[in-house]
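The values are calculated or read from the model by the stated rules, or taken from the named source; none is laboratory data. Since the model is a prediction, treat every value here as computed from it, not as a measurement. Ideal geometry is used to build each Cβ from the backbone, glycine not excepted, and the neighbour counts take in all protein chains shown.
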Amino acid sequence: MPDGLMKARLTAIRYAAHETNLYEFRRLDGGRWPSATPGAHIDLHLPNGMMRQYSLVHAGDAPEVYVVGVKRDRTSRGGSKFMHEQLRVGEELDIGGPRNNFPLNETATNSILFAGGIGITPIMCMIERLETLGRSWKLYYSCRSRAETAFLRELRDMAGDRVVFNFDEENGGKFLDLGAIAASAPVGAHLYCCGPTPMLKAFEAATASLPRDRVHIEYFTAAEAAATEGGFVVELRRSKREIAVPPGKSILEMLREAGVEVTTSCEEGVCGACETTVISGTPDHRDMILTASERAASKTMMICCSGSKSERLVLDL
């Protein structure tokens, strides 16, 4: 299929927690899915025309099914609301991916995992892999209530004291002390966090003094607005074209207006589908994927949301 999409059928919907379901997809042709590693996500192209990214609950080589967890968002723009209210077993849709911007370091001696709400989905996938490898791990899992906690029974049964639950309604809304936890992490431990934006920001602050290669984070949504300041020219080196980006427009918008085909997905800088090689120029990075060192090197950029600090930006397109 175009753009690497694959035909799928929804074959099961299972209850995971209050307003959270697990959705199971199999290939329409009966084949196996591309292999996926812990932390990977897929693109669901929904029948209502929307496209959303969801983390896989299970990883593996050529799996028969892809399973994602979806929590109904009370402020949903149509993705989770549609899946909970209208998507039915037997329906067909397209799937893209998998991609992984939140990979697990399988060689780490210790892994400290933080999850907030539905952010447990990729973290649960990591735990399965760490258990298989026999690696040491500990999970700090925060939810509003026990009823909203996906995988509650599984984690209690398998983990013992390796899981610390934090339920807002049971402790007066007190948050996890991320700073104290990070400070007490074993030397060399890798720390991972996935959850709502306030939790991710607190995690970043708590781990600011740790080596960047040991801190891993995944955002669900963009943390800052896309670059639309404009006022620069994008040179497409392979296409031998120049496209002006005026104020109020993004690079992606102007490429589309010029008829340039580019691979995109989330269009918020959180999925990595549009990552493009930078030949010269200084990007204005607005994505949630590149590390500080990768941004400084500016060898690539996410053209869906990032702009340019230089008057000319040369891309390998």
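Name the residues in the range 274-317 that are among the polar types (S, T, N, Q) and either in contact with a strand residue (DSSP E or B) (Cβ under 6 Å, 6 or more places away or on another chain) or crowded, with 20+ Cβ neighbours inside 10 Å (or both), would you?
Of the residues in the range 274-317, the ones among the polar types (S, T, N, Q) are 276-277, 280, 282, 291, 293, 298, 300, 306, 308, 310.
Passing the criteria: Thr276, Thr277, Ser280, Ser298, Thr300, Ser306, Ser308.
Scan the range 262-291 for residues that are among the small types (Gly, Ala, Ser) and within 17 Å of Gly39 (Cα to Cα) and jot them down.
Within the range 262-291, the first condition is being among the small types (Gly, Ala, Ser), and the residues that meet it are 265, 269, 272-273, 280-281.
Gly269, Gly272, Ala273, listed by residue number.
Quick check: is even one residue across the range 154-172 in a helix (DSSP H, G or I), modelled with pLDDT of 90 or more and in contact with a helix residue (DSSP H, G or I) (Cβ under 7 Å, 6 or more places away or on another chain)? Outline the logic, then answer.
Step one: of the range 154-172, the residues in a helix (DSSP H, G or I) are 154-162, 168-170.
After this cut, where a residue has to be modelled with pLDDT of 90 or more as well, the list is 154-155, 162.
Cutting the leftovers down to in contact with a helix residue (DSSP H, G or I) (Cβ under 7 Å, 6 or more places away or on another chain) gives us none.
Scanning the range 154-172, I find no residue that is in a helix (DSSP H, G or I), modelled with pLDDT of 90 or more and in contact with a helix residue (DSSP H, G or I) (Cβ under 7 Å, 6 or more places away or on another chain), so the answer is no.
Can you run down the residue pairs with Cβ atoms below 6 Å, 6 or more apart or on separate chains, where the first is in the range 297-317 and without any contact (Cβ under 8 Å) to a residue 40 or more places away in the chain and under 13 Å from Leu255 (Cα atoms) and the partner is polar (S, T, N, Q) and crowded, with 22+ Cβ neighbours inside 10 Å?
Hits for this filter: zero, empty list.
Mind listing just one residue for me: the one in the range 185-198 that is touching a strand residue (DSSP E or B) at 6+ places or on another chain (Cβ under 9 Å) and surrounded by fewer than 21 Cβ atoms within 10 Å (Cβ to Cβ) and, of those, nearest to Leu130 (Cα to Cα)? Can you show your working first?
Filtering the range 185-198 down to residues touching a strand residue (DSSP E or B) at 6+ places or on another chain (Cβ under 9 Å) leaves 185-196, 198.
Now narrow it down to the ones that are surrounded by fewer than 21 Cβ atoms within 10 Å (Cβ to Cβ): 185-189, 196, 198.
Working: Ala185: 17, Pro186: 17, Val187: 18, Gly188: 16, Ala189: 13, Pro196: 24, Pro198: 27 Å.
Taking the candidates together, the pick is Ala189.
Here is a yes/no grid of residues against (1) surrounded by 22 or more Cβ atoms within 10 Å (Cβ to Cβ); (2) aliphatic (A, V, I, L, M); (3) not assigned by TED's automatic domain parsing to the domain that holds Arg214:
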site: Ile127; (1), (2), (3): yes, yes, no
site: Ser142; (1), (2), (3): yes, no, no
site: Phe175; (1), (2), (3): no, no, no
site: Ala182; (1), (2), (3): no, yes, no
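Within the range 2-16, does at least one residue satisfy the condition of being buried (at least 17 other Cβ atoms within 10 Å of the Cβ), under 24 Å from Ile123 (Cβ atoms) and within 18 Å of the chain's Cα centre (by Cα)?
no
List the strands (runs of 3 or more DSSP E) that sit entirely inside the range 195-249 and contain at least 1 residues that are under 18 Å from the mean Cα position of the chain (by Cα).
Working: elements: 215-218, 232-236, 241-245.
Qualifying strands (runs of 3 or more DSSP E): 215-218.
Select from the range 53-100 the residues that are surrounded by 21 or more Cβ atoms within 10 Å (Cβ to Cβ) and of a type in the set (Lys, Arg) and list them in ascending order.
Within the range 53-100, Lys71 is the sole residue that qualifies.
Need pairs with beta-carbon distance below 7 Å; first residue more than 23 Å from Thr11 (Cβ to Cβ) and within the range 87-103, second of a type in the set (Ser, Thr, Tyr); sequence gap 6+ or separate chains.
Matching pairs, first to second residue: Asn100/Thr37; Pro103/Thr37.
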